[in-house]
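Throughout, read-outs are computed from the coordinates displayed, never taken from laboratory work. All values derive from a computational prediction rather than experimental measurement. Neighbour counts are summed over all protein chains in view; Cβ atoms, including those assigned to glycine, are modelled from backbone coordinates with ideal geometry.
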Amino acid sequence: MRTSLGGMIGAALLCAGSANAADLAVPAYKAPVVAPAFSWTGWYIGGNIGGGWGESTSTNANYLGFDLASVGFDTSPLSSKPSGIIGGGQIGYDWQFNPSWVAGVVADFQGADIKGTATQPNFLGVPDWTATTSESLRSLGTVRGRLGWTAGNWMVYGSGGGAYGSVSSTYNVSSSAPNQTGGELSFGANSETRFGWAGGVGVNYAMTQNWIVGLDYLHYDLGRTSVSDPAGALIMDQKVGGDIVRGVINYKF
């Protein structure tokens, strides 16, 4: 009886020890959740805002069919360098065709206030004559292809394609001579939509699977615009082109 009781107590202690050992067992290892790799493929839409500065407008003047520069008159003081703000929106699609390369297309449209004026005293060598020209880019749109190189959530890219913009130009020639009290000798104004090309580079960073921010540089060239007086006797033409730097934010679907 004493042996049976001892055996029973020993068996109970052994079971208790086994249970405690089981309680102290190391839990099974669970691998951390890894966020999915970012893919640039998909549609996106967003906005942009920045600043622009124009190239020299390189103003030329033509009077009664004669290029004034070709007959010795210097009109270069009438060349301004427009500058101002620009902002709008864009929509595009990217396709990541291998781990490091992305191709896409983007269309954008911006309202702009990029303008400049220039004044030339002693116009055509006449001491009392003053000429003033102005140029204003009111809007700019582009449709461009993009090719980018990616490293994780970063992408650097180049772009190029067509561009169009609304441009307004004016000129005025006035006199301060006492016998010309009217002041204004010649005036012209013109507003038109011009077409050309645009190209640039940029960098994007994907903050999340949906939100992308970036910095974009763009050069645009819309050719030359011209403005004349009602009779068409004096014609001024100016180059329309410049550079834009803007911040962008996109939502990727």
**Pair list, Cβ under 8 Å, 6 or more apart: the stretch 154-168 residue more than 23 Å from GLN96 (Cα to Cα), other residue among the acidic types (Asp, Glu) and crowded, with 22+ Cβ neighbours inside 10 Å** = VAL167/GLU135; SER168/GLU135
**Asked** Residues SER139, SER169, SER175: which one is buried (at least 22 other Cβ atoms within 10 Å of the Cβ) and either under 27 Å from GLU192 (Cβ atoms) or over 27 Å from the mean Cα position of the chain (by Cα) (or both)?
**Response** SER169
**Prompt:** Which one of these is buried (at least 20 other Cβ atoms within 10 Å of the Cβ), among the small types (Gly, Ala, Ser) and touching a strand residue (DSSP E or B) at 6+ places or on another chain (Cβ under 7 Å): ALA107, ALA118?
**Reply:** ALA118
